[in-house]
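Scroll down for the structure; my scribbles are underneath it.
The values are calculated or read from the model by the stated rules, or taken from the named source; none is laboratory data. Being a predicted model, the structure only gives us computed values, none of them experimental. Cβ: placed from backbone, ideal geometry, glycine included. Neighbour counts: every protein chain shown. Surface accessibility is based on the protein's heavy atoms, side chains included, excluding ligands, DNA and RNA. Shrake-Rupley method; radii C 1.70, N 1.55, O 1.52, S 1.80 Å.
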Amino acid sequence: MELKAYTLKELEPRLTPVSSGITGIVSISPLRLVSYLNNPRAEKTDHVLFEMHHEGKLVAYRTLLPDCFYDRKGSKRRFAWLSGNYVSPEFRRKGISTKLLQHAEAYWDGRLLYTNYAPDSKAVYDRTGQFPVLTRREGKRFYLRASSKELLGKRTGFGNVLQKGDNLVNRIREGKLQKIQSPEDRDCTIEKITIQDNALRSLVEKEQQKSLFRRDVDVFRWILEYPWVTTDQVNPIDYHFSYEAKIFENHLLKFTLPGNRGIGFMWLVIHNLRLSVPYTLTENNDIFPHMADVILKTMASSGCAYSTIRHPLLMEQLAGHRKWFLSIRNMPQLIFTHKNMADLVPDNLEIQDGDGDVVFTG
């Protein structure tokens with residue numbers, strides 16, 4: 001076995017159009033590579049890819065996403081998110097994933113965080129004893145339409161059967177869902193904006209000071225300009241994470257209450273049947289009911305099946321519309337930090353749903 005570690009600088013020669021033919025296992029998709037190379041929080045010397053080769057063939061890999069947080073003294077600290085991790089089936093249970101993780105720990109001096117884990121990956125982290133829970137974020141998943149094929153099809157192998165059941169349930173429900181399209185909200189002005197909006201920049205600068213990661217407009221622009229998912233027709237590649245979709249849309253919305261009572265910002269991502277809300281920022285909590293209304297209406301009009309919300313006030317408001325939903329399930333999120341960082345993270349931290357790498361795929 002041969003392990004190879006790559007910095008961002010060393011990955012630059014790998015740049016290739018997403019539509020070009022690529023053979024063999026792909027450790028980082030063309031879209032993710034372009035995004036990585038344009039990360040405003042990364043340095044060219046950051047190690048972001050670790051590969052394991054057997055007899056000249058790639059059999060496993062781990063990727064990392066550089067980021068930063070602000071410690072108890074307000075000082076900026078660089079770290080990396082544990083992101084993609086894959087081992088070819090015939091090489092599993094041989095300790096390869098553990099070796100890749102150990103090398104990532106060494107290169108980053110333990111400055112690592114992770115969330116949105118697969119069970120097998122978490123088992124690897126747990127065995128190290130190095131990753132205590134940083135925080136548990138309560139959340140709820142709101143099901144507006146049946147989507148058992150998307151959620152369970154690959155796991156059960158009964159995708160066609162599940163699809164037929166979904167279609168039947170959704171045909172019955174569509175008449176009801178059409179009634180969600182209510183008149184325009186006269187108590188709050190809602191408009192689509194771009195990342196260049198001046199009011200947005202001011203709001204982000206103010207409200208993100210409360211956040212552990214303090215992602216600013218420049219980071220938001222990078223996320224929007226370099227997504228990891230495309231709706232273009234591309235040649236199939238042997239890549240085991242999201243890189244293509246039928247629908248992938250970002251919507252930035254500004255909410256303005258009358259009488260100068262405050263503004264708010266909500267970022268929506270539609271990825272096939274899923275709607276996510278990576279970031280919400282407000283000057284006035286009275287905006288959250290209007291945000292919940294928009295989420296419900298957008299899900300209904302865009303054909304979305306479900307949305308997972310973890311902002312407590314937004315979750316509470318959306319739960320007030322429970323009569324429209326097929327079901328609502330608890331969906332907590334755990335975030336883990338390496339022991340080398342645990343004492344640096346401040347208490348009462350604020351984390352948004354888009355923090356980490358999930359915002360790139362919705």
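Matching residues to (1) in contact with a strand residue (DSSP E or B) (Cβ under 9 Å, 6 or more places away or on another chain); (2) of a type outside the set (A, V, I, L, M, F, W, C); (3) modelled with pLDDT under 80:
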| residue | (1), (2), (3) |
| --- | --- |
| Gly157 | no, yes, yes |
| Gly165 | no, yes, no |
| Leu168 | no, no, no |
| Ile172 | no, no, no |
| Leu177 | no, no, no |
| Arg186 | no, yes, yes |
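Need pairs with beta-carbon distance below 6 Å; first residue closer than 25 Å to Arg32 by Cα and within region 85-99, second among the polar types (S, T, N, Q) and surrounded by 15 or more Cβ atoms within 10 Å (Cβ to Cβ); sequence gap 6+ or separate chains.
Correct list of pairs: Asn85/Ser121; Val87/Ser97.
All but one of (1) closer than 25 Å to Arg201 by Cβ; (2) aliphatic (A, V, I, L, M); (3) part of a helix (DSSP H, G or I) hold for Met266; state the number of the condition that does not hold.
(3)
Here is a list of conditions, (1) of a type in the set (S, T, N, Q); (2) open to solvent by 10 Å² or more (accessible area, probe 1.4 Å); (3) in contact with a Leu (Cβ under 8 Å, 6 or more places away or on another chain), and Ser307 meets all of them except one; can you say which number that is?
Only one criterion in (1) of a type in the set (S, T, N, Q); (2) open to solvent by 10 Å² or more (accessible area, probe 1.4 Å); (3) in contact with a Leu (Cβ under 8 Å, 6 or more places away or on another chain) is unmet by Ser307, namely (2).
Identify all residues within region 198-226 that are open to solvent by less than 30 Å² (accessible area, probe 1.4 Å) and part of a loop (DSSP other than H, G, I, E, B); write none if there are none.
Leu212, Phe213, Arg215
Which ones in region 310-346 are over 20 Å from Leu268 (Cα atoms) and surrounded by 16 or more Cβ atoms within 10 Å (Cβ to Cβ)?
Listed by number, the residues that qualify are Ile335, Phe336, Thr337, His338, Met341, Leu344, Val345.
State which residue is surrounded by the fewest Cβ atoms within 10 Å (Cβ to Cβ) when the search covers only region 40-98 and only residues that are in contact with an Asp or Glu (Cβ under 7 Å, 6 or more places away or on another chain) and in a loop (DSSP other than H, G, I, E, B).
Looking at the filtered set, the residue picked out is Pro40.
If you go through region 347-360 one residue at a time, do you hit one that is exposed (fewer than 15 other Cβ atoms within 10 Å of the Cβ) and under 20 Å from Asp126 (Cα atoms)?
No, region 347-360 contains no residue that is exposed (fewer than 15 other Cβ atoms within 10 Å of the Cβ) and under 20 Å from Asp126 (Cα atoms).
Being buried (at least 23 other Cβ atoms within 10 Å of the Cβ), farther than 28 Å from Ser148 by Cα and at pLDDT 95 or above narrows it down to one residue among Ile263, Ile287; which is it?
None of the others qualify; the one that does is Ile287.
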